[in-house]
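Colleague: Here you go, one structure.
The values are calculated or read from the model by the stated rules, or taken from the named source; none is laboratory data. What you see is a predicted model; the values in this text were computed from it and never measured. Cβ coordinates were reconstructed from backbone atoms using ideal geometry, including for glycine residues, and neighbour counts include every protein chain displayed.
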Amino acid sequence: MNLETHVLTGIIIQIYCFMIFIFPFNIIFTILFAFLSHFIIDAFVLITYHPPDPQKGDTFWLSWQIITYGSGGILILLFYPFVLGILFANLVDLIDWVILRILYTRMIKKVKIDWKYNHIFHSIIAKIRKKTLFWLPNWYYEKKAVISEIIIDIALFFGILCAK
Ligand SMILES: [Zn+2]
């Protein structure tokens, strides 16, 4: 899913881990649960608007990118004390979409890049999805499916407000 959903998940995990566990388990479980949360959240990506390929001429797609990255960035600034949860909830995307992409484009220029295969964790997530959530509708290209992610984000935000 998008940046703001993983950021909200990381914040909520860190809040509850620091409420429930004492040091050092609060840190250990924040790292562990935040990292694992990405696999669960992304397994549900089919029910959200998430075209696998950039829709560059589409103003709706472009607006949604600006909204998700913008709100994600604002949330990181507002909740920076929860950087541990935020970082580990986004680590899978950082490795697959940032670090590996830089490595492939800078170091292996001769290899033809196919982003369907040249990532590590999202291949595992795709396998989890195929084995468990295959019954979900595929709304990758459905613009109305932004509503699913907005509902998830609102639920997570209320979870944060209730915890504080
Ligand atoms: Zn992801």
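Colleague: Enumerate the pairs (first residue in the stretch 124-148 and surrounded by fewer than 11 Cβ atoms within 10 Å (Cβ to Cβ); second residue anywhere and part of a loop (DSSP other than H, G, I, E, B)) with beta-carbon separation below 8 Å, excluding pairs fewer than 6 apart on the same chain, so at least 6 apart or on different chains.
Modeller: Here the result reads Lys144/Tyr49, each pair linking the stretch 124-148 to a residue that is part of a loop (DSSP other than H, G, I, E, B).
Colleague: I've got another one for you. Please find, among Phe33, Phe44, Phe39, the residue that is aromatic (Phe, Trp, Tyr) and buried (at least 19 other Cβ atoms within 10 Å of the Cβ).
Modeller: Answer to the selection: Phe33.
Colleague: Shifting gears a bit: Give the residue that is nearest to Leu78 (Cα to Cα), with candidates limited to residues of the stretch 1-46 that are part of a loop (DSSP other than H, G, I, E, B) and within 16 Å of the ligand (Cβ to nearest atom).
Modeller: Going through the qualifying residues, I end up with Asn2.
Colleague: Here is a further query. Which residue is nearest to the ligand (Cβ to nearest atom), if the candidates are limited to the stretch 47-93 and must be under 15 Å from the mean Cα position of the chain (by Cα), in a helix (DSSP H, G or I) and surrounded by fewer than 14 Cβ atoms within 10 Å (Cβ to Cβ)?
Modeller: Ranking the candidates gives Tyr69 first.
Colleague: If only one of Asp96, Asp114 is within 24 Å of Lys131 (Cβ to Cβ), at pLDDT below 95 and more than 13 Å from the ligand (Cβ to nearest atom), which one is it? Spell out how you get there, then give the answer.
Modeller: On the way: Asp96 fails: more than 13 Å from the ligand (Cβ to nearest atom).
When all the criteria are applied, what remains is Asp114.
Colleague: Can you list residue pairs whose Cβ atoms sit under 9 Å apart, with the first residue in the stretch 44-67 being free of Cβ contacts under 8 Å to residues at least 12 places away in the same chain and the second being acidic (Asp, Glu) and part of a helix (DSSP H, G or I)? Count only pairs 6 or more apart in sequence or on different chains.
Modeller: Filtered contacts from the stretch 44-67: Ile67/Glu4.
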